[in-house]
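So the structure is just underneath, and the comments pick up after that.
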Amino acid sequence: MTQNFEIAVFDGDGIGPEIMGPTVDLLRALAERRSDYSLSFINVPAGASHYAQTGESLPEASLDVARKSDAILLSAMGLPSVRYEDGTEISPQIELRKKLQLYAGVRPVRIAKGQRTPLKLQDEVDFVLVRESTEGLFYSQGAGEVTHTEARETLRITRDTSEKLFKFSFELAKQRKASGRGPGRVTCVDKANVFRAFAFFRSIFDEEAAKHPELTADHAYVDATALWMVEKPQTFDVMVTENMFGDILSDLGAGLMGGLGLAPSADIGDDHAVFQPCHGSAPDIAGQGIANPFAMVLSAAMMLEWLGINHNIQSMIDDGNALRLAVEAVIEDGSKTTRDLGGKSDTRGACAAVLEQLSCASLSEQKPVPA
């Protein structure tokens, strides 16, 4: 029996639609070769362009579709020239995180063979940064206090959200260990030596760690972590941290991978999840068809894996992994990547190369013939 999943699709701004289109095509190609799952895509409006036209950045109807969907695929959002009246950026993705309580921001950092990196590496790098996405220093976003003489923002850390965040992080480490992708280690990244809020954060981490004696748990201060991500990134497995620290460290991780063009992400809660590239909308190259689609494609791979794990569908997990490996194979080959990665392909050409890899490797299995 085929299980259908409805995916809410936000095309985004700038290059957003250009990288979303071929990504959805890849997902369709994967699902068409399976008999146990199918995918339906529902396009919904949001973003800076929509705000400029209508005065709404995230319409209630779009939010309603997102709530009812099985997963949300979101492309690059925002435009430098379009802002709210207070001067802040149009960021529907942040609104979605808060409204859908997507507390776990998952930012993989993987440097595979042949991948460009500013580091001199002997081994592959494969770790995940889990960023709390709903509170921390982002809690008072848009509501900070500003006077002529000073400005204040409120950092908020709650037990309820932190407990969910740490439970998620240890479960992720357990899954990675079972699949052979990590040693089963979770590192709490904080500044507990200076701020009481982070000492509180760490104490809740330790409570959750005590429930997982089969895994390794340790701590690191955020400044030291930034240093070690450059010096010895291969020693990390799962890192978990506060919102602002995670925002900064995830961009550092993207830099280690060769840029934001290879940085996927997910924001996950108890009932919903959003998958999107970490990079911006790049309006300077919008409409030219030359944008790097790989962060978007890798985010879609994360979506397949998440759906497969949550619904116990091994073929979805396999397809998510196959899609990631196909992207890595195209990057390693180098000849069919986009210009920012040294190749000569346009956006659709790069995705076509990924589909070719899928056809040659992971999708050699034919769809089972119904009895």
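The values are calculated or read from the model by the stated rules, or taken from the named source; none is laboratory data. Everything numeric in this text was worked out from a predicted model, so none of it was measured. Here the Cβ positions follow ideal geometry from the backbone for every residue, glycine too, while neighbour counts run over all protein chains shown.
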Practice prompt. Return the only residue of Glu95, Glu85 being without any contact (Cβ under 8 Å) to a residue 24 or more places away in the chain, outside the structural domain of Leu172 (by TED's automatic domain parsing) and either of a type in the set (Val, Ile, Thr) or farther than 21 Å from Ala173 by Cβ (or both).
Written response: Glu85
Worksheet item: Which residues, counting only those in segment 35-66, are closer than 9 Å to Ala8 by Cβ, assigned to a helix (DSSP H, G or I) and not small (Gly, Ala, Ser)?
Response: Val65
Worksheet, complete the sentence: By residue number, the members of segment 178-199 that are more than 20 Å from the chain's Cα centre (by Cα) and touching a residue at least 60 places away in the same chain (Cβ under 8 Å) are none
Worksheet entry | Test result for Arg152, assigned by TED's automatic domain parsing to the domain that holds Pro233, of a type in the set (Lys, Arg) and over 25 Å from Ala217 (Cα atoms) | yes
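Quick check on segment 272-292. Is at least one of its residues in contact with a helix residue (DSSP H, G or I) (Cβ under 8 Å, 6 or more places away or on another chain), touching a residue at least 12 places away in the same chain (Cβ under 8 Å), among the hydroxyl-bearing types (Ser, Thr, Tyr) and assigned by TED's automatic domain parsing to the domain that holds Asp11? Write out each step before concluding.
Kept after step one, since they are in contact with a helix residue (DSSP H, G or I) (Cβ under 8 Å, 6 or more places away or on another chain), are these residues of segment 272-292: 272-281, 286-287, 289-292.
Next, only the ones that are touching a residue at least 12 places away in the same chain (Cβ under 8 Å) stay: 272-281, 286-287, 289-292.
Next, only the ones that are among the hydroxyl-bearing types (Ser, Thr, Tyr) stay: 281.
When the remaining residues are screened for being assigned by TED's automatic domain parsing to the domain that holds Asp11, the result is 281.
Yes, segment 272-292 contains a residue that is in contact with a helix residue (DSSP H, G or I) (Cβ under 8 Å, 6 or more places away or on another chain), touching a residue at least 12 places away in the same chain (Cβ under 8 Å), among the hydroxyl-bearing types (Ser, Thr, Tyr) and assigned by TED's automatic domain parsing to the domain that holds Asp11.
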Worksheet item: Of (1) surrounded by 21 or more Cβ atoms within 10 Å (Cβ to Cβ); (2) modelled with pLDDT under 90, Lys120 satisfies all except one. Which?
Response: (1)
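Looking for whichever is under 27 Å from Leu249 (Cα atoms) and in contact (Cβ under 8 Å) with a residue 24 or more places away in the chain here; the options are Ala66, Ala48. Which one fits? Break it down stepwise before answering.
Values: Ala66 fails: under 27 Å from Leu249 (Cα atoms).
Step by step, each of Ala66, Ala48 is checked, and only Ala48 is under 27 Å from Leu249 (Cα atoms) and in contact (Cβ under 8 Å) with a residue 24 or more places away in the chain.
Out of Thr225, Thr241, which single residue is in contact (Cβ under 8 Å) with a residue 60 or more places away in the chain and within 20 Å of Gly136 (Cβ to Cβ)? Can you show your working first?
Values: Thr225 fails: in contact (Cβ under 8 Å) with a residue 60 or more places away in the chain.
One residue alone meets the criteria, Thr241.
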Discussion item. Being in contact with a Lys or Arg (Cβ under 8 Å, 6 or more places away or on another chain) and either surrounded by 22 or more Cβ atoms within 10 Å (Cβ to Cβ) or within 21 Å of Leu96 (Cα to Cα) (or both) narrows it down to one residue among Glu18, Glu56, Glu6, Glu60; which is it?
Written reply: Glu6
Item to complete: Tell me, please, whether a residue that is acidic (Asp, Glu) and within 25 Å of Ser281 (Cβ to Cβ) can be found in segment 74-87.
Response: yes
Worksheet item: Does Ile317 satisfy the condition of being β-branched (Val, Ile, Thr), over 28 Å from Ser49 (Cα atoms) and in contact (Cβ under 8 Å) with a residue 40 or more places away in the chain?
Response: no
Discussion item. If Lys113 meets every condition in (1) under 30 Å from Leu341 (Cα atoms); (2) surrounded by 12 or more Cβ atoms within 10 Å (Cβ to Cβ); (3) touching a helix residue (DSSP H, G or I) at 6+ places or on another chain (Cβ under 6 Å) apart from one, which number is that one?
Written reply: (2)
Worksheet item: So, of the residues in segment 266-323 that are in contact with a Phe, Trp or Tyr (Cβ under 7 Å, 6 or more places away or on another chain) and in a helix (DSSP H, G or I), which turns out to be surrounded by the fewest Cβ atoms within 10 Å (Cβ to Cβ)?
Response: Ser315
Worksheet item: Does segment 101-110 include one or more residues that are modelled with pLDDT under 95 and more than 20 Å from Ala263 (Cβ to Cβ)?
Response: yes
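Out of the residues in segment 123-168 meeting the condition of being in a loop (DSSP other than H, G, I, E, B), β-branched (Val, Ile, Thr) and out of contact with any strand residue (DSSP E or B) (no Cβ under 7 Å at 6 or more places or on another chain), tell me which one is surrounded by the most Cβ atoms within 10 Å (Cβ to Cβ). Full working, then the answer.
Taking segment 123-168 and keeping what is in a loop (DSSP other than H, G, I, E, B), we get 123-124, 133-135, 137-144, 147-150, 153-155, 157-158.
This time we only want the ones that are β-branched (Val, Ile, Thr), so: 134, 147, 149, 154, 157-158.
Right, trim to out of contact with any strand residue (DSSP E or B) (no Cβ under 7 Å at 6 or more places or on another chain) and you get 134, 147, 149, 154, 158.
On the way: Thr134: 24, Thr147: 7, Thr149: 5, Thr154: 13, Thr158: 16.
Looking at the filtered set, the residue picked out is Thr134.
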